[in-house]
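J.: Pasting a structure here, questions to come.
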Amino acid sequence: MTSRVSEPGVLVIFGGTGDLARRKLIPALASLAAGGLLHEAVQVLGISRSREHDDDSYRDLVRRACVDAGRADAIDPARFHFFSMPGGTPEEYQGLADRLGTLRSENELPPRHAFYLALPIAAMGKTIEALGAAGLAHAPDGGWTRIVVEKPFGHDLDSARALVDTTRRHFEETQVYRIDHYLGKETVQNLLAFRFGNAIFESLWNRDRIAAVEIMVAESVGVGDRGDYYDASGALRDMVQNHLAQLLTLVAMEVPPVIGAESVRYEKTKVLRSIAPITSRDVVFGQYAAGTIDGEAVPGYRDETGIDAGSTTETFAALKLEIMNWRWQGVPFYVRTGKRLPRRLTRIGVRFRSSPVCMFEHEGVCHVSSDVLILTLQPDEGFSLHIDVKKPGSLQELQRIPLTFRYRDQFDGLPDAYETLLHDVLEGDQTLFVHSEEVLESWRLLDPILADPPVAHPYKGGTWGPEAAAGWTLGEPALMREGR
Ligand code: BG6
């Protein structure tokens, strides 16, 4: 996100009264306004099927969402408007076009529209078609039209391809902003800065110097009230296809010529294309059973609301991947994610190769430990580089110590991912959005597993997942899961 004020225009939110709008989008707009980053002429048009709302009641909803997010009075609710589309008919889309025209002339705005589809997947394709059919996909000279799409981008390769095709029929790729909210996180963007802003690391970032990489997104929460959605998805679709695939590409990509949408997204796509086909031997699935987290009893997955008593859906997935290119061939990339693990923790660990000979020997034990870099993406963001120092007093005894950086020691808080992403949509910067080729490549990789999924091993809530995946790590459980 730049520190520039955004361009003026109208942000149209389909699903404008929904959970995402209330919890994330409205508070993010409020924060941008408070920080002076939202152009003061920007207007927001919330859309839903509801016939209950009008401008006034929608502004009440906006006020409440801001208060709940601790952003009371950060944005003038009069900038929010409401439009009801109960049937999604062509007449309603014509009505939408008219309403946009009125909003623009009342606020002296250029024809610039961003359509944010905060909608369930079933409504996505239809809405894109309808916008195109209503002539809303393109703006006259001096204007722009952008479309913002939330995950899931399909359910498998075929449905993703159908969605991409529908989108391409009406919108150019340069108009499409596919959100993976992980890319909006500061620490995820910092992967680019860490690698390409520090020549010291980039020169080590290859198979000659790195022995293994682990990417872990652990959650202590269960499925909550999203049982219906989750039971039809599972961890592979919900987390691996998007968030973990994105983290992997940022860790493994080649150096782009510049940090810009075209080159970064091209390099990320190349990583996905270089991953060796995944077989069921490379995947472990798990499903949480009842357990205890932080001293509190938690139910098993099959006892959660909306979950079938015989469900086989995975709530944990671990994968062992190999990237078949000159930089990474032979380096295992362990990717793992799960719900109801002991704590919320997103980390990337890199184990460097150990020294080639033993030079330090203490009490008959040869010391050849390898250095480890741990990037903590959330919570308590930062990183630590674990290296050896000589223990005072003995020439032979070494001890591993961390060189640590914490965001909270240096900076006053981090912006929420949606602030960054909404600002970038209004600015027209696609660097942090997912290209259609990335979507298709990641589904292509996972499709064979989806077609023939391994059995999900039960694991107790509050543990780190099934035993079968215990060995698929960097080999540094204490560094990946505890402290820094
Ligand atoms: C969402 C998934 O995309 O990401 C959720 O659907 C998951 O199941 C969430 O809990 C995790 O996001 P974060 O930002 O809390 O790590």
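J.: Name, by its number, the condition in (1) over 26 Å from the mean Cα position of the chain (by Cα); (2) assigned to a loop (DSSP other than H, G, I, E, B); (3) in contact (Cβ under 8 Å) with a residue 60 or more places away in the chain; (4) farther than 29 Å from ALA211 by Cα that does not hold for THR292.
T.: Failing condition for THR292: (2).
J.: Pairs, please: C-beta under 7 Å, at least 6 apart or cross-chain, first residue farther than 17 Å from ILE449 by Cα and in the stretch 224-241, second near the ligand (Cβ under 8 Å from one of its atoms) and part of a helix (DSSP H, G or I)?
T.: Correct list of pairs: TYR230/ASP238.
J.: Considering only the stretch 414-437, state which residues are within 16 Å of the ligand (Cβ to nearest atom) and out of contact with any strand residue (DSSP E or B) (no Cβ under 7 Å at 6 or more places or on another chain). Spell out how you get there, then give the answer.
T.: Kept after step one, since they are within 16 Å of the ligand (Cβ to nearest atom), are these residues of the stretch 414-437: 414-422, 432-434.
Once the filter is applied, which keeps residues that are within 16 Å of the ligand (Cβ to nearest atom) and out of contact with any strand residue (DSSP E or B) (no Cβ under 7 Å at 6 or more places or on another chain), the stretch 414-437 yields LEU414, PRO415, ASP416, ALA417, TYR418, GLU419, THR420, LEU422, LEU432.
J.: Filter the stretch 211-236 for residues that are in a helix (DSSP H, G or I) and within 9 Å of the ligand (Cβ to nearest atom); which is surrounded by the most Cβ atoms within 10 Å (Cβ to Cβ)? Full working, then the answer.
T.: Going through the stretch 211-236, the residues in a helix (DSSP H, G or I) turn out to be 227-231, 235-236.
With the extra rule that they be within 9 Å of the ligand (Cβ to nearest atom), the set shrinks to 229-230, 235.
Details: TYR229: 14, TYR230: 23, ALA235: 26.
Among those residues, the one meeting the criterion is ALA235.
J.: Which residues, counting only those in the stretch 86-102, are among the small types (Gly, Ala, Ser) and in contact with a Lys or Arg (Cβ under 9 Å, 6 or more places away or on another chain)?
T.: Applying the first criterion (among the small types (Gly, Ala, Ser)) to the stretch 86-102 yields 87-88, 95, 97, 101.
Within the stretch 86-102, GLY87, GLY88 qualify.
J.: Any chance the stretch 189-196 includes a residue that's more than 16 Å from the ligand (Cβ to nearest atom), of a type in the set (D, E, K, R) and surrounded by fewer than 18 Cβ atoms within 10 Å (Cβ to Cβ)? Break it down stepwise before answering.
T.: The first filter runs over the stretch 189-196 and keeps only residues more than 16 Å from the ligand (Cβ to nearest atom), leaving 192-196.
From what's left, of a type in the set (D, E, K, R): 195.
Cutting the leftovers down to surrounded by fewer than 18 Cβ atoms within 10 Å (Cβ to Cβ) gives us 195.
Looking for residues that are more than 16 Å from the ligand (Cβ to nearest atom), of a type in the set (D, E, K, R) and surrounded by fewer than 18 Cβ atoms within 10 Å (Cβ to Cβ), one finds at least one in the stretch 189-196, hence yes.
J.: Moving to a separate point now. Please list, ordered by residue number, the strands (runs of 3 or more DSSP E) wholly in the stretch 345-444 having 1 or more residues that are touching a Lys or Arg at 6+ places or on another chain (Cβ under 7 Å), surrounded by 21 or more Cβ atoms within 10 Å (Cβ to Cβ) and not polar (S, T, N, Q). Show your work before the answer.
T.: Details: elements: 345-352, 360-362, 365-367, 372-378, 382-390, 398-406.
Passing ranges, in order: 372-378, 382-390.
J.: May I pose another question? Residue under question is VAL148, and the condition is that it be crowded, with 17+ Cβ neighbours inside 10 Å, β-branched (Val, Ile, Thr), within 16 Å of the ligand (Cβ to nearest atom) and under 17 Å from HIS435 (Cα atoms); does it hold? If you could, list the steps in order and put the result at the bottom.
T.: Values: crowded, with 17+ Cβ neighbours inside 10 Å: yes; β-branched (Val, Ile, Thr): yes; within 16 Å of the ligand (Cβ to nearest atom): yes; under 17 Å from HIS435 (Cα atoms): yes.
Criteria met by VAL148.
Residues checked against (1) under 24 Å from the mean Cα position of the chain (by Cα); (2) without any contact (Cβ under 8 Å) to a residue 60 or more places away in the chain; (3) in a loop (DSSP other than H, G, I, E, B); (4) farther than 23 Å from ILE449 by Cα:
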site	(1), (2), (3), (4)
GLU262	yes, yes, no, yes
LYS268	yes, no, no, no
VAL271	yes, yes, no, no
ILE278	yes, no, yes, no
VAL284	yes, no, no, no
TYR288	yes, no, no, no
GLY310	no, yes, yes, no
ARG327	no, no, yes, yes
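J.: Quick check on my filter: what residues within the stretch 153-180 are within 16 Å of the ligand (Cβ to nearest atom) and surrounded by fewer than 20 Cβ atoms within 10 Å (Cβ to Cβ)?
T.: HIS155
Throughout, read-outs are computed from the coordinates displayed, never taken from laboratory work. Owing to the predicted nature of the structure, the values given are computational and were not obtained by experimental measurement. Neighbour counts run over all protein chains shown; Cβ positions are idealised from the backbone, glycine included.
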